[in-house]
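Below is one structure, written out as structure tokens; the observations come after it.
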Amino acid sequence: MANLEVPKELREEAKQHDMYLHPIDKDTYELFFGPQHMATENFSIILKVDGNRIERAIVNPGFLHRGFEKLAEQRPYFTNIALILRICVPESDVPENIYSMAVDEIVGWEVPERAQWIRTVVLEMARMSAWMFWIMGFGNEIGLYTAGQWAAAYRERFMRLYEELTGGRVYHIYTVPGGVRRDIPGDKWLRQLRDTVEYIKGKLKDFDEILFDNYITFERTEGVGVMDRKFALKHAVTGPNLRAVGVPYDVRKDDPYYLYPELEFEVPVLKEGDSLARTLVRRYEMEQDLYILEQLLDMGPPSGPYMVKDARLKALPRFKPPKGDAYAHVESTKGDFGAYVVSDGTHKPYRAHFRGPSQSHGVTVLEELLKGARIADVPVILKTLDNCPPDIDR
Amino acid sequence: MDMNEKPKVEEKVENAQPVEETKPELPDTKEGKLVKELIDKAPYAEGSVRRERRVEFKVPAERIHEFLELASEKFEMLMQISTVDWLKEGEFELVYQLWSVSEGIHAFVRTRVPRDNAKLPTVMDIWPVAETYEREAHEFFGIIFEGNPRLGPFILEPREYEKHPLRKDFNTLSYVKTIYGEDFDRYDESKTNYVI
């Protein structure tokens with residue numbers, strides 16, 4: 001590269017005329033990636049690029065900050081459900097569930113069996129619809145738009161089931177402390193769910209042909225954004241990203257909740273730790289989730305109430321749990337999603353702190369993985385890490 | 001010696017049995033064993049088992065780094081650092097949430113620092129992911145983590161950065177009124193039309 005430093009004499013002469021000539025490095029430049037870029041989803045990364053290679057990446061969040069944690073301190077316990085489920089849009093049932101689990105633990109409620117069954121089904125449906133949403137994004141990033149459009153259409157089937165169950169398509173406000181808000185609509189709904197599971201199961205083969213077993217996917221993802229086991233553990237990477245480096249950690253197995261101890265399923269693990277391994281782990285997990293849903297449907301909803309019987313539930317806005325705190329977490333498609341709720345005995349939570357899985361793999365890990373990658377790899381790394389910006393901003 | 005004579009205070013003190021601190025006994029489970037192992041190595045910390053797969057430690061703020069370094073052998077992952085602002089007590093409570101992948105146990109490691117001049121050593125050298133959580137705690141509560149090079153505006157806008165909005169004495173309404181002034185007409189002062 002030619003020496004582009006400005007000669008000293010020239011610089012001093014310029015200074016006398018109120019001009020400051022800075023040395024220009026022609027090949028290195030700064031690139032603002034997002035927040036309007038489709039791949040980043042309201043998230044910005046400042047890249048320092050040398051030609052086509054990224055030298056340094058700085059994550060620049062804050063475009064989504066909606067102050068949920070501060071707001072949650074100013075609202076009664078049950079009203080907060082309508083607020084915090086907006087943390088992660090593709091699977092809004094997860095924040096609802098962890099918050100409810102934490103409040104249940106503080107109060108000391110044992111959730112009825114029927115409610116547990118419904119909550120498990122709802123969480124697995126959330127996982128399936130979030131996988132479809134992820135395929136939509138990932139397919140678009142690597143240029144296979146057809147797969148994305150199919151996935152969006154299949155996700156719609158789950159949305160329709162949700163609408164019948166809860167009244168909402170995307171935001172459900174369904175799981176509340178003590179159980180669920182209303183009962184399942186009836187046997188017709190269960191039949192529809194079974195049909196949908198069967199249908200998606202058949203369609204997985206199509207996804208294999210177009211996306212997961214495709215030459216383009218392998219070309220774009222193999223050896224891109226590699227991390228090793230030690231790095232992943234130190235950075236608290238969870239979910240499919242951790243399983244892609246060979247650690248079989250799944251909250252459903254290691255800290256079981258609801259009906260998961262009674263269900264049979266495998267935790268897929270790969271060792272390579274690159275984008276391809278992360279993609280394939282997700283593909284195997286889809287199969288397991290459909291299998292779990294099938295088992296739950298075979299089991300059938302247990303009879304009994306769908307909400308705990310407690311006199312305090314009659315005056316909901318003034319519902320007061322005892323003093324205490326609890327941490328609850330579930331396995332979401334992004335990883336280990338946790339909530340820490342502190343109660344000081346009043347009708348509002350004293351503090352609600354949420355652990356979005358993207359908080360660990362969307363900031364420091366992303367910055368490390370982007371070093372040395374090509375510009376074209378940025379969306380691929382972002383999507384295979386499955387970064388959800390509202391987890392970070394909240 | 002007259003038997004009816006009352007013993008003197010000095011004798012009482014001498015004869016008194018040393019009062020043993022009654023510590024709650026740890027159950028004979030994997031959680032109890034893990035807490036005992038850690039407490040034996042770090043006698044300055046208090047440990048207890050909350051329930052299955054949940055343990056709790058209380059550590060003084062000066063020795064938090066030492067304790068977490070010790071704990072990191074068993075707990076591979078730092079899940080998050082939660083801060084609670086106890087305004088009446090004038091203290092911040094920091095809860096380091098740890099997860100042990102090998103044992104399947106979640107640990108709360110609690111420590112308290114005074115609200116004014118809240119300073120703690122960084123734990124970035126133990127878990128690099130702490131950088132993000134410390135930046136968050138610094139921005140929202142104003143806690144200084146010594147040794148973290150990236151403390152500064154992270155999520156908030158610069159005008160909000162100095163305010164530390166998640167502190168309990170931060171008044172959201174008055175802040176909004178100063179920022180938006182007369183344009184802000186959505187708040188009903190009398191609160192009569194409010195549902196909650």
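Annotations
- Toward the positive end of the charge dipole of region B:30-154, with +1 on the Cβ of Lys and Arg and -1 on the Cβ of Asp and Glu, the farthest Cα among B:ILE144, B:GLY47, B:VAL95 is that of B:GLY47.
- Estimated Rh, region A:68-393: Kirkwood, alpha-carbon pairs, angstrom: 20.2
- Helices meeting the span-like rule in chain A (full DSSP H runs, Cα extent of at least 20 Å along the helix axis, mean Kyte-Doolittle score of 0.0 or higher): A:93-107, A:113-141.
- Those residues of region A:55-99 whose amide nitrogen sits under 18 Å from the label point placed on A:GLU30, 7 Å along Cα→Cβ: A:55-63
- Under 21 Å from A:LYS334, Cα to Cα: lysines that are on another chain or at least 8 residues apart: A:LYS230, A:LYS234, A:LYS253, A:LYS271, A:LYS383
- Size of charge dipole - the protein assembly as shown - debye, nearest 20, with Cβ of Lys, Arg +1 and Asp, Glu -1, no other charges: 1400
- Cross-link reach list, lysines versus B:LYS177, counting only Cα pairs under 20 Å and skipping chain neighbours closer than eight places: A:LYS70, B:LYS163, B:LYS168, B:LYS191
- Where only DSSP H runs of four or more residues are counted, chain A gives -13500 deg cm²/dmol as its mean residue ellipticity at 222 nm, each run worth -39500 (n - 2.57).
- Among A:PHE319, A:PHE133, A:PHE158, residue whose mean-square fluctuation peaks in a GNM of chain A (springs only between Cα atoms under 10 Å): A:PHE319
- Annotation for A:ASN42 and A:HIS17: the two label points, set 7 Å from Cα along the Cα-Cβ direction, are 4.9 nm apart.
- Ordering A:PHE138, A:GLY108, A:VAL94 by the projection of their Cα atoms onto the charge dipole of chain A, which places +1 on the Cβ of Lys and Arg and -1 on the Cβ of Asp and Glu, puts A:GLY108 at the extreme positive end.
- Between chain B and chain A, roughly 3700 Å² of accessible surface gets buried, counting both sides and using a 1.4 Å probe.
- Largest mean-square fluctuation among A:PHE231, A:PHE43, A:PHE138, in a Gaussian network model of chain A whose springs join Cα atoms under 10 Å apart, belongs to A:PHE231.
- The gain in end-to-end length when the A:GLU219 to A:GLU156 segment is fully stretched comes to 19.7 nm, 0.36 nm per residue minus the alpha carbon separation.
- Cα-centred dipole magnitude for region B:30-154, charges only on beta-carbon of K, R (+1) and D, E (-1), debye, nearest 20: 400
- Prolate/oblate/rounded label for region A:68-197 (Cα gyration tensor, a/c 1.5): oblate
- Average accessible area per residue (Å²) across region B:30-154 - probe 1.4 Å, nucleic acids and ligands excluded: 37
- Highest-fluctuation residue, A:ILE46, A:ILE200, A:ILE98 considered, GNM on chain A with Cα pairs under 10 Å: A:ILE46
- For the pair A:ARG318 and A:VAL89, label points projected 7 Å from Cα toward Cβ lie 3.9 nm apart.
- Fraction of accessible area attributable to carbon and sulfur, region A:68-393 (%, probe 1.4 Å): 50
- Between A:ARG191 and B:TYR44, the simple label model (points 7 Å from Cα in the Cβ direction) yields a spacing of 6.8 nm.
- The per residue volume of the convex hull around the alpha-carbon atoms of the protein assembly as shown is 248 Å³.
- Rule-of-thumb Rg ratio for region B:30-154 [Cα; 2.2 N^0.38 Å; N residues]: 1.02
- Solvent-free Debye scattering, log10 I(q)/I(0), computed from the Cα coordinates of region A:108-148 at q = 0.30, 0.31 Å⁻¹: -0.89, -0.91
- 1.4 Å probe accessible area per residue over chain A, in Å²: 40
The values are calculated or read from the model by the stated rules, or taken from the named source; none is laboratory data. Computed from a predicted structure; not experimentally measured. Backbone-built Cβ (ideal geometry, glycine too); neighbour counts: all protein chains shown. Side chains are part of the model used for accessible areas, which takes the heavy atoms of the whole protein and leaves out ligands, DNA and RNA. Shrake-Rupley method; radii C 1.70, N 1.55, O 1.52, S 1.80 Å.
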